[in-house]
Amino acid sequence: MLKYPTRISADVNLVPPHSEHARVLFDLIQANLPYLNAWLTWPALMQTPLDVATFLNKAQEHNRDGKALILLLQYQGQICGVISYNEFQANNRSANIGYWLGEAYQGLGIVSTALRRLIQYGFEDLALNKVIIRAGVGNAKSSAIAKRLGFVYEGTARANEFLHQRYIDHQIFSLLKAEWTTQTDREV
Ligand SMILES: CC(C)(COP(=O)(O)OP(=O)(O)OC[C@H]1O[C@@H](n2cnc3c(N)ncnc32)[C@H](O)[C@@H]1OP(=O)(O)O)[C@@H](O)C(=O)NCCC(=O)NCCS
């Protein structure tokens with residue numbers, strides 16, 4: 001895989017996953033558990049630093065094999081969340097995007113800024129044609145990211161995830177390479 005961007009801005013960096021981050025990521029997840037549980041299933045499974053180390057090792061393996069691109073978000077030197085291209089579909093040249101932040105790191109533009117750069121990397125260097133964000137219906141902060149970056153709302157997938165004993169619907173947003181190029185042209 002071509003080298004992905006690491007320096008996003010003076011404050012924001014993308015850090016490759018490594019088991020040495022297990023403790024700090026575990027502490028971040030634990031400190032934000034109810035907030036993360038509102039929209040994600042996996043935090044409840046991260047019961048020890050070893051669980052997080054296993055995730056980080058798997059992420060490293062997926063990055064190496066080109067199955068995904070999972071990176072830690074760092075703000076002013078502190079690990080503050082994760083951003084990822086999940087499930088690269090080579091045939092379709094598409095990928096799903098995921099992200100989360102510690103609650104205290106919201107409102108700073110960290111994900112939007114990093115994602116803008118990762119999308120550019122995806123279209124220009126990974127030959128992606130389509131990137132997808134699936135946001136739970138009601139997850140206004142997540143859908144705001146998609147809208148802020150010019151994603152198009154495709155529709156709502158019903159009962160698309162079993163989240164803590166209930167099914168939730170997902171709003172599907174996507175951005176095509178051609179739309180991104182048009183946006184970039186407009187910005188110049
Ligand atoms: C979804 C989530 C990452 C959104 O966090 P966020 O801080 O709103 O997103 P960003 O980092 O892109 O920041 C955008 C915010 O920073 C503000 N901002 C400040 N500087 C900015 C900049 N340079 N660029 C863009 N936004 C900026 C925006 O106005 C916005 O704030 P607002 O919501 O008060 O209008 C966060 O709520 C989260 O982790 N939730 C739990 C997990 C989750 O739901 N994950 C998504 C599953 S689909």
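The values are calculated or read from the model by the stated rules, or taken from the named source; none is laboratory data. Values in this document were obtained by computation on a predicted structure and should not be read as measured data. FYI the Cβ positions are ideal-geometry reconstructions off the backbone, even for glycines, and counts take in every protein chain you see. Side chains are part of the model used for accessible areas, which takes the heavy atoms of the whole protein and leaves out ligands, DNA and RNA. Shrake-Rupley method; radii C 1.70, N 1.55, O 1.52, S 1.80 Å.
A few points about this structure:
- Around the Cα centre of segment 12-187, unit charges on the Cβ atoms of Lys, Arg, Asp and Glu (plus for the first two, minus for the last two) sum to a dipole of about 260 debye.
- Put simply, the convex hull of the Cα atoms in segment 53-188 casts, on average, a shadow of 9.6 nm².
- Probe 1.4 Å, accessible area per residue of segment 12-187, Å²: 51 Å²
- Cα-based Lys pair tally, the chain, threshold under 17 Å, eight or more apart or on separate chains: 6
- Residues of segment 38-75 with amide N under 14 Å of the 7 Å Cα→Cβ point at ALA31: 74-75
- The chain - mean residue ellipticity at 222 nm from DSSP helices (-39,500 (n - 2.57) per run, n ≥ 4, rounded to 500): -11000 deg cm²/dmol
- The spread of Cα positions in segment 68-122, taken along each principal axis and listed from longest to shortest, comes to 38, 16, 16 Å.
- For segment 42-51, backbone phi angles converted through the Karplus equation (6.51, -1.76, 1.60; θ = phi - 60°) give residue-by-residue couplings of 6, x, 5, 7, 8, 8, 9, x, 5, 4 Hz, Gly and Pro being listed as x.
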